[in-house]
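The next block holds one structure in the form of structure tokens; read it before the comments.
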Amino acid sequence: MRQRAVVVIACALAASAAGAQSVKVGARAPEIDLPTLSGGRIKLSALRGHPVVVTFWQTWCPSCRTEFPELAAAQTAHGPSGLYVLAVNDPTQEHSTGDGEIHVRRFADEFAVPFQVALDKRGRTRDRYGILTLPTTLFIDSAGVVQGVNQGPTDREQLERGIATILSRP
């Protein structure tokens, strides 16, 4: 049997979250209130009543690039059941040349993302969640409680398991 080595590239952030605690399973998810790439705003509290998958990512993160098609497929498959996928990006952590938001927009266009991309322009949401590794994916139930956290790449099976958990909760 051929074994496949999984290499996790520790896509670390220039983190001011050094003292921040990670969000724990069973805790209420901190509020997210951010502008979106499409020009609106998104608030996590406005999604109460719906299960939500939140992923923290950057365009330069290879694992994030691999994960996006899976997240898009999950949104398409489970959106009719009320699932929301929200991708949170800090454009100030993007490429050093030019406007980071341009890179985020190109990435979103390339993957034709069917979900909201929120712009955490000051990294405050990332800090509040204690995100130090990318990607980090959270599974939040319809009551706003974190039911799962995956730090590092999330494959299709892990994504579907996490989604099943939050879809099955009231």
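The values are calculated or read from the model by the stated rules, or taken from the named source; none is laboratory data. Since we're looking at a predicted model, the values are computed, not measured. Positions of Cβ are backbone-derived with ideal geometry, glycine not excepted, and every protein chain shown enters the neighbour counts.
Computed values, structure above
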quantity: Residue that is nearest to Pro62 (Cα to Cα), among those in segment 158-170 that are charged (D, E, K, R) and at pLDDT 95 or above; calculated: Glu160
quantity: Failed item, numbered, when Arg105 is tested on (1) under 12 Å from the mean Cα position of the chain (by Cα); (2) in a helix (DSSP H, G or I); calculated: (1)
quantity: Options Gly152, Gly49, Gly123; residue that is at pLDDT 90 or above, of a type in the set (Gly, Ala, Ser) and within 19 Å of Ser168 (Cα to Cα); calculated: Gly49
quantity: Test: residue in segment 122-142 that is under 11 Å from the mean Cα position of the chain (by Cα), more than 25 Å from Thr76 (Cβ to Cβ) and charged (D, E, K, R); calculated: yes
quantity: Top-ranked residue of segment 71-100 - restricted to ones that are surrounded by 16 or more Cβ atoms within 10 Å (Cβ to Cβ) and assigned to a helix (DSSP H, G or I), ranked as modelled with the lowest pLDDT; calculated: Gly100
quantity: Residues located in segment 122-144, provided they are crowded, with 23+ Cβ neighbours inside 10 Å, in contact with a Pro (Cβ under 8 Å, 6 or more places away or on another chain) and more than 14 Å from Ile32 (Cβ to Cβ); calculated: Pro135, Phe139
quantity: Total residues in segment 112-159, condition of a type in the set (Val, Ile, Thr) and in a loop (DSSP other than H, G, I, E, B); calculated: 3
quantity: Tally of residues being polar (S, T, N, Q) and touching a Pro at 6+ places or on another chain (Cβ under 7 Å) across segment 70-118; calculated: 2
quantity: Tally, over segment 28-62, of residues that are surrounded by fewer than 19 Cβ atoms within 10 Å (Cβ to Cβ) and either at positive phi or part of a helix (DSSP H, G or I) (or both); calculated: 5
